[in-house]
Amino acid sequence: MADIQEKIGKLCPEAQCDASGEFLLISVPDAQWHDLAQSLKDELHFDYLTALVGVDWKEELGVMYYLTNTETQEMIHVKVATADREQPRLHSVSDLWAVANFQEREVYDFYGIEFINHPDMRRFFLRNDWVGYPLRKDYDDDPEKNPLRLEDEENEDNTYRLVEDENGDVTRVDGKVFGDDEYVINVGPQHPSTHGVMRYRASIEGELVKKVDVVSGYIHRGIEKMCESLMYPQTLLYTERLDYMSAHINRHCLCLCIEKAMGLEVPHRAELIRMMMDELMRLSSHLLSYGCLTMDQGATTAFFYGFRERELIYDIFDKTCGARMSMSYLTIGGVKADVHPDFINDVRNVCDTVTEKLKEYHKLFTGNIIARNRMVGVGILGKEDAINYAITGPSGRASGHHCDVRKCHPYSLYNEVEFDEVTYETGDSMDRYMVRMKEMEESIKILRQCCDMLEKEGIEGEYIAKVPKIIKLPAGHWYQQVEGSRGAFGVYLESDGDPKPFQKPYRLHFQSPCFNLVGVVDLTCKDNLIADLITITASIDYVIPDIDR
Amino acid sequence: MFDFSVVTNWFNDLLLGVMPQWLATTIECVIVAVLLLLAYTVLAMFYIMYERWVCAWFQCRRGPLRVGPWGSLQIFADVIKMLIKEVVGLWKTDNFLHKLAPYFVLVASVVVFACLPWGKGLQAIDFNIGVFFMTAVSSLGVVGILLAGWSSNSKYTMIGAMRSGAQMISYELSIGIAMLTIVCLAGTMSVTGLVEAQQNGWFIFTGHIPAIIAFIIYVIAATAETNRGPFDLPEAEHELTAGYHTEYSGIHFGFFYLAEYLNLFIVSGIATLLFLGGWMPFHVSGWDGFNAVMDYIPSTIWFLGKAIFVSFIIIWFKWSFPRVRIDQMLALEWRYLMPIGLFNLVLMAVIVSMGWHFAG
Amino acid sequence: MKHEDFKDNEYIDQLVQELNASGTNVVVGKLDQLINWGISNSLWPFCFGTSCCAIEFMCLGAARYDMARFGFEVARNSPRQADYIMCQGTITYRMAPALKRLYEQMAEPKYVIACGACTVSGGPFKNSYCVVKGIDEIIPVDVYLPGCPPRPEAMFYALMQLQRKIKVQKFFGGVNRKESRKKFFDKSSETAEK
């Protein structure tokens, strides 16, 4: 770490380094930021922009960039801020890390920070006619200003960008998303295979897709803002409504982050149960994505088979957590209750059944000539693009991006179990599909080992640590990531160390994997057919509430 | 085997006894039309339920079973609902064409339906160009679909209609060629002639390898022709929401729905007629006792049974296969099915002229 | 909850009896019954899932719960052909106009089930700056179904409540609520002119 600090000192003397936190923190003025970013990426190989978090520090507005070196898995974070609250402007890094494109738009939407040289400065989540920037601390949430409007918003084709010339003067250039002569079809927000309320506007020539414009925010519920007015245990609720297909995993992540901030030790048994729940969730999620992928291609029967096995997993959740979805089972310091006496047997049963049925799935769908024709070589995403767009999870690993958080930054008890990271090379739809099928086998492997471990510990045991009634965190910020079923899910938690009895998080940001996934839709669908748009998006497999938050 | 022409002739004579020829013909026409429409509706309703049960069976489900005994009244509830459902008028569209389109689709399928041989002597009309007439009329349906897509003034329906135009016109060729192969073997285009020619063995058995190839080509092409999965691109629920009939509601949508299922019966019926002997029972030459037993089963049941069996196969691969893409679908037709079909036709011609086929 | 505590909505059945107490014309009454039987047994859902409840709705259609048993399985993706819209998941300010438009595109008779806490009242997102506090602010709702998300059994119950409710309506002599298509067109043309 000292090595990096020295190098950064040479590259940019203005940068201040602080190695006291969990990762090296670099504070840099906006004027030098773009140059530093360039050399961080090219020379120090920080090519994976893990998270981009906008924060309002009251006296200044700014952005935290979390960067990862994909070779050594080292992480650093950079703080860039501006004191101008009237017209805050920062330099865009979307030319270096493509993933920053959407993320900077999100920051613009929430904080009103405009990014110089960003190609497309539009709002991302909120309506075009929205007044104010909701995540700013001084946001006026008067319902009069932003009432419920029932007239359609205008198709916002107008965009602008801020161009900086050599002298440093910034000028505003207006532009259009689609030309007048383009034939634009609208996919969504209500469409059977956008898997929720996603909306694409696709410019097509015949059946060929030429450009896809992602319009998001149809299920944006302002979770991050709401979390700022809740106490820590209450915020856990919302994690399950993000990616509901990895509810336990998301909740696990926030628990880990708060525990890290508190310095709380979790009992071994609790951590084991959490891990098993995570893997069960992953299994259920992959079964669903198998079902949806086949359904989107028209093979309806395969969808039903996937759901048949999911019900068994739901039964386990039902018995132990008391609910089928949105279980609210994990909590700070452990889990809310011990497992059901049948738990181990049920899990073993699921492992056996799914192993058996996976053969059937392959027989029904994988080997099918039509399925192969539709998926092999379609929607190729190269490794470089995958890293550039920060694509993680099964979709990233299909492109050869070794990004499994369970391996790179082991958390929970993943050190104690044996499993393989499944990676493929090509990154086409078929690979993305196959990664999921193989990962199910890995999850089963983990689950079997966990069953043995849990059996050794006996039927009952300590499942929750002693947690203070009121949780208070010291001032500081923490970042925790876990491997969700669709990619690396991260939580950025900032506390101001408020001494008041009911402390609330100062800023809570969820770095959702699906947000990055949707960024590659345009790239992968270009020059493919409309039917491929459906296959590719299904194979990328995102969950919309996770994107919109 | 019971010959239905006895009944029809008796009825004809009865009418002629009390009225002039023209009036008798008119009355007969009306009665036949009413009976056909009735049969059409009943069969379509049966087919809708049939598919729902069969697909439930594939998917480890029970299927409709609550409304009436074993769900048998489900379809009547659907029909009642469909009849009173509002027909939504569209804004800024060609309303006349929009309303006309479903009738085109319906009429095309009714006319083909009318030509099918239902049993011995149970047939509305017997042309000497029967099969040819069927192909000609069934292509009319595509006009309805194109009209529906175009007149709805929506981009999705437009894409659906264009796809269906490309698809149906292409696959028409393969169907035609597969039919020609059999016509070549039978030496007649008349529907009755075709059935009679299969007296001692269905064409799929007597026709040697070319008949089997023709059958496979026919089933694939027929699936595409009826817009069913894996060739359901014009509807492509997951791409185009509901394809060309997205904007139709109420009974107009019901017509499309009905015609879709009836088309399934029609193509199965034609397959039965061409390859599986129409209403002809299963005969093995020489086994006279066996043949006599087979003859006891009424001819209508033979025909329906075989058609339903062929439909079962088509339903089977609809529910298990993913949908093909438009370019792959056209490639399948123009690169594979049509060349193979043409070659197969030549092969059949050679076999027939050399007399190599089974005598039957 | 104990079984005895469960209160089924018996008032609906009472309402039917009260309505029929005054007596109706035999033909009209029987026709109404037939039509209501038809509509209530052939409810085709419109696929409209925005979040978690949609997954439970898929489970409802899948093998274990199998809504096909009741004839509910013909899910239509086009609003024109659907009978009821089961709104599954939060409706935000951005989505609200789309939902209203979808509802208006549906053909009469049409019904709405508000499925899940979010659609009933805004649920856990009630305090948000951009969540609609209950879809009844936008469209008329026939059945409210709480739960986050409701279990498939609860969804069945909601559907059966809807069936009961349908049996009350009278087709001849006015559907319970009805906005004529013509009026809607006039309104939208007015807004278009503006």
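The table below lists the values:
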| item | result |
| --- | --- |
| Scan of region B:283-296 for residues that are exposed (fewer than 14 other Cβ atoms within 10 Å of the Cβ) and either touching a Phe, Trp or Tyr at 6+ places or on another chain (Cβ under 9 Å) or part of a helix (DSSP H, G or I) (or both), ordered by number | B:284, B:288, B:289, B:290, B:292, B:293, B:296 |
| Checklist (1) modelled with pLDDT under 85; (2) among the polar types (S, T, N, Q); (3) buried (at least 16 other Cβ atoms within 10 Å of the Cβ) applied to residue A:171, failing item | (3) |
| Criterion (part of a loop (DSSP other than H, G, I, E, B) and in contact with a His (Cβ under 8 Å, 6 or more places away or on another chain)) met by exactly one of A:125, A:115 | A:125 |
| Residue that is nearest to the chain's Cα centre (by Cα) [pool: residues in region B:77-103 that are in a helix (DSSP H, G or I) and at the interface with chain C (Cβ under 7 Å from one of its Cβ atoms)] | B:78 |
| Flag for residue A:86 being in the same structural domain as residue A:43 (by TED's automatic domain parsing), farther than 14 Å from residue A:51 by Cα, of a type outside the set (A, V, I, L, M, F, W, C) and under 22 Å from the mean Cα position of the chain (by Cα) | no |
| Residue identified as of a type outside the set (Gly, Ala, Ser), away from chain B (no Cβ under 11 Å), closer than 23 Å to residue A:194 by Cβ and within 14 Å of the chain's Cα centre (by Cα) among C:135, C:91 | C:135 |
| Residue match in region C:4-21 (condition: surrounded by 13 or more Cβ atoms within 10 Å (Cβ to Cβ) and within 30 Å of residue B:53 (Cα to Cα)) | no |
| Within region A:171-247, strands (runs of 3 or more DSSP E) holding 1 or more residues that are of a type outside the set (A, V, I, L, M) and either under 30 Å from residue A:332 (Cβ atoms) or within 14 Å of chain B (Cβ to nearest Cβ) (or both) | A:183-187, A:199-205 |
| Odd one out for residue A:130, checked against (1) part of a helix (DSSP H, G or I); (2) in the same structural domain as residue A:116 (by TED's automatic domain parsing); (3) aromatic (Phe, Trp, Tyr) | (1) |
| Residue in region A:133-147 that is closer than 24 Å to residue A:171 by Cα and surrounded by fewer than 20 Cβ atoms within 10 Å (Cβ to Cβ) present | no |
| Helices (runs of 4 or more DSSP H) within region A:305-415 that include 2 or more residues free of Cβ contacts under 8 Å to residues at least 12 places away in the same chain, over 23 Å from residue A:489 (Cα atoms) and more than 13 Å from every other protein chain (Cβ to nearest Cβ) | A:343-361 |
| Unique residue being among the aromatic types (Phe, Trp, Tyr), modelled with pLDDT of 80 or more and in contact with a Cys (Cβ under 8 Å, 6 or more places away or on another chain) when the list is B:113, B:133 | B:133 |
| Selection status of residue B:64, within 14 Å of chain C (Cβ to nearest Cβ), under 30 Å from residue B:28 (Cα atoms) and buried (at least 19 other Cβ atoms within 10 Å of the Cβ) | no |
| Lone unmet requirement of (1) farther than 20 Å from residue A:121 by Cβ; (2) part of a strand (DSSP E or B) for residue A:140 | (2) |
| Which numbered condition residue A:145 misses (of (1) assigned by TED's automatic domain parsing to the domain that holds residue A:28; (2) part of a loop (DSSP other than H, G, I, E, B)) | (1) |
| Any chance residue A:466 is of a type in the set (Lys, Arg) and within 30 Å of residue A:231 (Cα to Cα) | yes |
| Count of residues meeting criterion [at the interface with chain B (Cβ under 7 Å from one of its Cβ atoms) and at pLDDT below 85] in region C:35-62 | 1 |
| Tally of residues being among the polar types (S, T, N, Q) and crowded, with 23+ Cβ neighbours inside 10 Å across region A:51-96 | 2 |
| Members of region A:490-549 that are among the hydroxyl-bearing types (Ser, Thr, Tyr) and under 18 Å from the mean Cα position of the chain (by Cα) | A:492, A:512, A:537, A:539, A:542 |
| Helices (runs of 4 or more DSSP H) fully within region B:158-256 counting 1 or more residues that are more than 21 Å from residue B:115 (Cβ to Cβ) and β-branched (Val, Ile, Thr) | B:203-206, B:208-225 |
| Residue A:266 being assigned to a loop (DSSP other than H, G, I, E, B), surrounded by 24 or more Cβ atoms within 10 Å (Cβ to Cβ) and more than 9 Å from every other protein chain (Cβ to nearest Cβ) | no |
| Tally, over region C:94-122, of residues that are surrounded by fewer than 24 Cβ atoms within 10 Å (Cβ to Cβ), in a helix (DSSP H, G or I) and more than 9 Å from every other protein chain (Cβ to nearest Cβ) | 5 |
| Criterion (on the phi > 0 side of the Ramachandran plot, touching a residue at least 12 places away in the same chain (Cβ under 8 Å) and not hydroxyl-bearing (Ser, Thr, Tyr)) met by exactly one of A:91, A:45, A:77 | A:45 |
| Hits in region A:492-549 - residues which are acidic (Asp, Glu) and either buried (at least 24 other Cβ atoms within 10 Å of the Cβ) or within 14 Å of another protein chain (Cβ to nearest Cβ) (or both) | A:527, A:532, A:541, A:546, A:548 |
| Filter result for residue C:79 (at the interface with chain A (Cβ under 9 Å from one of its Cβ atoms), buried (at least 23 other Cβ atoms within 10 Å of the Cβ) and not polar (S, T, N, Q)) | yes |
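The values are calculated or read from the model by the stated rules, or taken from the named source; none is laboratory data. Keep in mind that what you see is a predicted model, and the values were worked out from it rather than measured. Neighbour counts are summed over all protein chains in view; Cβ atoms, including those assigned to glycine, are modelled from backbone coordinates with ideal geometry.
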